Amino acid sequence: MLHKEMNNIDSRSFSELMSELVAYADEVVSLSKEPGTERETSTQFALLIGKFSPFLDELGGNNKFMERSTIRKAVESLERELKLSQALIQSPNPTSVKRVEEIIDNLGRSLGLLLFASLELSTDFKDKIGELQKDLIKARFTPSSSPTSSRGSEFVSELKVESEIIEERIALDIGDVALQLKYGNDEEFKFAVWGLNELIGSGNVSHEMISEEGIIPILFNRLGSSKRDNRSTVIQLIRRLALESDDNKEKVADAGYLSMLVKSLTRDVEERREAVGLLLDLSDLTAVKRRLGRIQGCIVLLVAMLNGDDPIAAHNAGKLLNALSSNTQNALHMAEAGYFKPLVQYLKEGSDMSKILMATALSRMEITDQCRASLGEDGAIEPLVNMFNSGKLESKLSALSALQNLSVLKENIQRLVRSGIVVPLLQLLFSVTSVLMTLREPASAILARIAQSESILFNQDVAPQMLSLLNLSSPVIQCHLLQALNSISAHSSAAKVRRKMKENGAIQLLLPFLMESNTKIRSGALNLIYTLSKGLPEDLTEQLGEAHIHIIVNIISSSTSENEQAAAVGILSNLPISDKKATDILKKEKMLPILVSIMSSNATSTPTTCWLVESVAGVLIRFTNPSDKKLQHLAVEHGVIPLLVKLLSSESPVAKCRAATSLAQLSQNTLSLRKSRKSRWLCVPPSADAFCEVHDGYCFVNSTFCLVKAGAITPLVQILEGNDRQADEAVLSALATLLQDEIWENGSKCIAKMSGIQAIIKVLESGNVKAQEKALWILERILGVDECREQHGESAQVVLIDLAQNGDPKLKPTIAKLLAQLELLQTQSSYF
């Protein structure tokens, strides 16, 4: 019956048809109000059907659209569902929730088909269709009971005729959708995708139909050319199809299609999320795991997503990477991309060959410290140490090489120490088994790294054992051992180790290496001798011997390595100052002009340069010994004073301290070297500029070593004004030479004139006790001058009172004198 009526549609005009559809809708609303009808479900149902009337009236005014077959089918579908709605409301059981919901769902799909077919309609009208469709989708009904009659069997027979029409309609619809998917413009394609989703959702489109129409290839063909907004929807649809059947999944797993999905991993958030979700769904296929690993950039993109901000995409990327890691090559690609957990898992639980493969790859990778940290945190160290301890030769070698790469990072050094690898490494170095010889180089390199940690000192015998290996090793291993020994001996808590090394003749053992042509070995030996020579007893000169001092001087003068020069000069600066033999050797070697030349050509500022400058300043203290005026003159003739004054402004507090010490030693003899104004021995009277008000005579930098004429007072005061207190004592000693008994008043005025009093008071506030003692002595002299006391006494007294109350007890007597001097304390005070 229904089929016959539907065939009459062709003979009616579009407006007539719309009028009939409106009539059906109105009748459903009217019937729901008749007495005896179950109210709740029928009323709710009728309200929804009643919403069709206004939009059907509006659609009736668009006759030209009736020419399109897709609209005709959509209208036919609507008429059928409205007729069924009328039949249902008249049936003996109008409140059958299941049947009501089926009709409502079918009406929603019919509206979808109409929306899909009506692209030319206005946006407002399409929005109205969309809103009505949403209302239908949201509708829910409560079940209720009602009586049945013979009318029910008649209704069932009508439904059977209806099912045949539905099948015919679906077959037609999937063909139309396929055409729109394949050839439609962007807007048509968008609605076709939506329509296909609806058809799949109805459950009445078979896999065979999808396959026959070639839907999956069509979707992939359009994926690359679609607009951004459409692509994620397309991938969602492909994902839905893949989950529908294994056959669909196999089709989607095509290598070309996988490449397109990988490309989608580079696009916007939604598309990336859908693409990685689809790839994860496919990853249970062995072929997919193999193919994805071969697609360039796939694993790199997945690792980037894993570390990205989208938690859903990151979760799926992690699961997909885990699935792909079942292939060892994929695990290696992941490691190269910075994701190391699969590699570490192979190291822990893989076969012997897999472990070797991973360790070898790790040893060859150029990785950042961040990657090294990640590997350490993921637990790579322990399985590698186990491979070294218990594996065969190939396993040991690959493990050591990998550990050598990881040991660059300080945090991994601690993990290595905790692993207990130090003793096995040393045992390996002592081994004479030929097959293990290839392992000694990486073993020594790792030990050199481990030695950077003070935790290596738990074994006091490590350093002596390494020393004993020096002469038995290849040049590469010697370099690593020297590097390790330098690190060990430089630790602040290594005093016992250094003493033990010296007692075992370490310096004598190292001296032959100074003649090495290998720069690294020679430099390593020099560095270690420098460290061990600090604080040695008076026999350092004897231990080195004149021949080796000569070699060290030659290194200083000829080496192009600043590190070598710094270490070599540092060794000479450690020679006892009082050792006249050492001084004579250095004079003979013409050490002074070499040092001055080095300093004159030095313009950079690096840690090594700083060390070199400090070492040069240390050697110059020997050549400015106040008890040897002849030696002082030699030093000054080579231009030492301008060099020392320049060092007062260097960045190194140690260099400043040593330069101030040398200037203080030179200044001690200025008073005896000055030329008196009354001298009868001056053939040519000096110029007025040569007169020195401090020394009350004629002073010259090169002959009297005068600090004033050398321009040293200002930089000396500036050191005291600074915040670093390391050079205070040396600077105060230099200023104190201007306050000798004969000239103390002149010197006081000079220091005051150069703003030195406030700088000295600063030392009283924050210097150490020895510096404070020197500062109090100087201040006592300066404040003995009435003029200075009147100008600076008030500012000094505040600091002096605080120091008297809170300072070191040994300072109190001097403070008491000063306070009495300032008339703030009786001279007979208990402070004396």
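General remarks:
- Pair list, Cβ under 8 Å, 6 or more apart: the stretch 577-592 residue farther than 17 Å from Glu538 by Cα, other residue outside any helix (DSSP H, G or I) and not charged (D, E, K, R): Leu592/His638
Quick grid of which residues meet (1) outside any helix (DSSP H, G or I); (2) over 13 Å from Met334 (Cα atoms):
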| site | (1), (2) |
| --- | --- |
| Glu270 | no, yes |
| Ala275 | no, yes |
| Leu279 | no, yes |
| Lys289 | no, yes |
| Leu292 | no, no |
| Val300 | no, no |
| Ala304 | no, no |
| Asp309 | yes, yes |
| Ala313 | no, yes |
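- Criterion violated by Cys479 - all others in (1) closer than 30 Å to Thr438 by Cβ; (2) open to solvent by 60 Å² or more (accessible area, probe 1.4 Å) satisfied: (2)
- Residue among Val619, Val636 that alone is in contact with a Leu (Cβ under 8 Å, 6 or more places away or on another chain), farther than 25 Å from Asp539 by Cβ and either assigned to a helix (DSSP H, G or I) or of a type in the set (Gly, Ala, Ser) (or both): Val636
Per-residue answers, yes or no, for (1) of a type in the set (S, T, N, Q); (2) out of contact with any Ser or Thr (no Cβ under 8 Å at 6 or more places or on another chain); (3) in contact (Cβ under 8 Å) with a residue 24 or more places away in the chain; (4) assigned to a loop (DSSP other than H, G, I, E, B):
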position	(1), (2), (3), (4)
Cys706	no, no, yes, yes
Val717	no, no, yes, no
Leu720	no, yes, yes, no
Asn723	yes, yes, no, yes
Thr737	yes, no, yes, no
Glu745	no, yes, yes, no
Lys749	no, yes, yes, no
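- Flag for Glu208 being at pLDDT 75 or above, surrounded by 15 or more Cβ atoms within 10 Å (Cβ to Cβ) and either not in a helix (DSSP H, G or I) or not assigned by the TED database to the domain that holds Gln133 (or both): no
- Given (1) closer than 30 Å to Asn185 by Cβ; (2) at pLDDT below 80; (3) open to solvent by less than 10 Å² (accessible area, probe 1.4 Å), number of the condition Leu88 does not satisfy: (1)
- Annotation for the stretch 670-681: at least one member residue is crowded, with 19+ Cβ neighbours inside 10 Å, modelled with pLDDT under 95 and part of a loop (DSSP other than H, G, I, E, B).
- Set side by side, the residues Ser395, Ser351 differ, and just one is more than 29 Å from the chain's Cα centre (by Cα) and free of Cβ contacts under 8 Å to residues at least 12 places away in the same chain, which is Ser351.
- Residue within the stretch 388-398 that is part of a helix (DSSP H, G or I), among the small types (Gly, Ala, Ser) and surrounded by fewer than 16 Cβ atoms within 10 Å (Cβ to Cβ) present: yes
- All of Val432, Val423, Val417 fail the test of being farther than 20 Å from Lys355 by Cβ and outside any helix (DSSP H, G or I), apart from Val432.
- A residue that is in contact (Cβ under 8 Å) with a residue 40 or more places away in the chain and closer than 26 Å to Ala710 by Cβ occurs somewhere in the stretch 792-810.
- For the stretch 337-366, a tally of residues being more than 24 Å from Asn389 (Cβ to Cβ) and either among the aliphatic types (A, V, I, L, M) or surrounded by fewer than 18 Cβ atoms within 10 Å (Cβ to Cβ) (or both) returns 3.
- Filter pass, Arg239 being assigned to a helix (DSSP H, G or I) and either over 21 Å from Leu181 (Cβ atoms) or open to solvent by less than 50 Å² (accessible area, probe 1.4 Å) (or both): no
- Verdict on Thr604 being within 29 Å of Val497 (Cα to Cα) and either within 47 Å of the chain's Cα centre (by Cα) or part of a helix (DSSP H, G or I) (or both): no
- Criterion applied to Ser517, Ser533, Ser493 was being open to solvent by 30 Å² or more (accessible area, probe 1.4 Å), closer than 22 Å to Val569 by Cα and of a type in the set (Ser, Thr, Tyr), and the one residue passing it is Ser517.
- The set of residues in the stretch 372-387 that are part of a helix (DSSP H, G or I) and of a type in the set (Gly, Ala, Ser) comprises Ala373, Ser374, Gly376.
- If you filter the stretch 572-601 down to residues that are among the hydroxyl-bearing types (Ser, Thr, Tyr) and part of a helix (DSSP H, G or I), you find that the one that is nearest to Ile621 (Cα to Cα) is Ser573.
The values are calculated or read from the model by the stated rules, or taken from the named source; none is laboratory data. If you're wondering where the values come from, they're calculated on a predicted model, not measured in any experiment. Positions of Cβ are backbone-derived with ideal geometry, glycine not excepted, and every protein chain shown enters the neighbour counts. Keep in mind that these areas ignore ligands, DNA and RNA; they rest on the heavy atoms of the full protein, side chains included. Shrake-Rupley method; radii C 1.70, N 1.55, O 1.52, S 1.80 Å.
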